[in-house]
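Laboratory data are not the source of any read-out in this text; all were calculated from the coordinates shown. Source: prediction; values computed, not measured. Here Cβ is always computed from backbone atoms with ideal geometry, including for glycine, and neighbour counts include all displayed protein chains.
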Amino acid sequence: MKPIEIWVTSAGPNGWKPVIILEELGLIYELKQMHWEQLMTLEYSKINPGGKVPAMYDPNTDLLLWESGAIILYLIDQYDTEGKLTYNTFKEKHLLSQWLMFQMSQQGPMYGQIGWFNVLHPEKIPSAIERYTKQCERILRILDDALEGKQWLVGDKCTYVDLSFFMWHIVLPLSMLYPLGETPLTKYPNVLAWHQRMAERDSVDKTVAARQKAMDSDGLGKSGLPDDFSVEDLNMKMN
Amino acid sequence: MTSTLTPATMKPLVLYGSLLGPNPAKVGMVLRSLGLPFEIKEVGFGDVKKEPYVSVNPNGRLPSLYDPNSDITIWESGAIIEYVIETYDKDQKISFPHASKEDWECKQWLYLQVSGQGPYYGQAWWFQFHHPTPNPSALERYQNEVKRVSGVLNKHLTSKKFLVGDKLTYADISFVTWQKSAEKMLNKDGYEIGKEFENVGGWMERLRANEGVGSVLKEQSEGMAKMAEASAAAKKE
């Protein structure tokens, strides 16, 4: 098998979501670490016209794909032949799709907005911060209720869907300005237990360590931001 | 189980949500494009986050879908569309064969719609029409994102009629309602988003001409006109 290529940035959580799946399935892959400024170039737009990570190229099937959810589904469909991380039964299959869509359309974007308005936006807007804080809490509450009396979101085993939520829960404490070592998940005991259950898996442990190593190589440390970071600088570069 | 069902023999699907809302309408367009029978169950804004609806969808949002032919309830418009296509578009009228390259590309674009178009255009809509206090920099952030995503679509549609392959698929359909919202938000003072992004403008015209898409858009216009009339009449009293 030729290595699957996967484009990531060091800090961005979405790039690492499929890496967990690659590790779970024992697939050979090659990480292509990008700096976020490279994502806006013409060269990268040929890989992903959306200008985001992850993107994936599988030379074994000559398939180029972007959108983390589509990549995850492809890896499961193509390589999870034993159904380790998925179900092929009718209802479970569609419930998996439902929760994956919830992760992509709500967890990712809303957690992303609170991070933006707390850390990266040029001015502090209390009402926007309040709006997105409430959205994050709403999403955590829904997950907490869904996990009541259960170990996993669908069925009785860890699936690709549970794993797809993990990376954003690593980033959320910083996005919500919690002190290092603390997490908003503490208020949602089912979510916290679920998250810790996943953290113990080798695949997750390896991915988190790989991301931290990538962030260290970018000079980002645990905060995900460079030591000399300035909001004004960032906004100038983005415009 | 469902492979022998036809539009004539199946029980109607139940779509929670009004066709005036962009996400239920998105699903409505796919259902109409496949000629599938369905009934609408409206849920008022005041009722979405309460019982009995939260037992249908704990996220408290619209749409949800109940299929009595298989006794399944699904929420998230993207998952509903995937379910409908897999279960009822066996002839690949608006899709491609399972696990083909084009099939993965359709999913890719659908996932961009649910994660990158809907939520961000939705925030622009929020800050333009609903946020309690004016917030120019927040509004600008999301209006820029509307244009950025429109630009991504525009570039991809250069010398292409549709997003994937050479036919209209559920991937194209999924973008229509929010792209229409972008027109509502930004088309004023001589500016038209369909002119700045010409390929998107042409694509939207092609999609509007499709029966499944066009019939839902027509119902939306009629519904909005009725609401405007009712609201004007109420003001007079």
*Subset of A:91/B:147; A:91/B:41; A:157/B:160; A:46/B:167; A:52/A:134 violating a 31 Å alpha-carbon distance limit*: A:91/B:147; A:157/B:160
*asked:* Given contacts defined as C-alpha pairs under 8 Å and at least six residues apart, what's the relative contact order of region B:105-182, whole-number percent?
replied: 42
*Lys, Arg +1 and Asp, Glu -1 on Cβ, resulting dipole of region A:53-119 about Cα centre, debye, nearest 20*: 280
*asked:* Given the DSSP H assignment, sum -39500 (n - 2.57) over each helix run of at least 4 residues in the protein assembly as shown and divide by its residue total; what's the result at 222 nm in deg cm²/dmol, nearest 500?
replied: -16000 deg cm²/dmol
*asked:* What does the structure give for B:76-84 when I average, per residue, the other chain Cβ atoms found within 10 Å of the residue Cβ?
replied: 5
*asked:* What's the magnitude of the charge dipole for region A:16-136 around its Cα centre, counting Lys and Arg as +1 and Asp and Glu as -1 at the beta-carbon? Answer in Debye, nearest 20.
replied: 500
*With no solvent and one equal point scatterer per Cα, compute the Debye intensity ratio I(q)/I(0) for chain B at 0.10, 0.15, 0.16, 0.18 Å⁻¹ and report its log10, rounded to two decimals.*
-0.50, -1.12, -1.26, -1.53
_Taking the Cα centroid of region A:102-145 and of region B:1-56, what is the distance between the two, rounded to the nearest whole Å?_
29
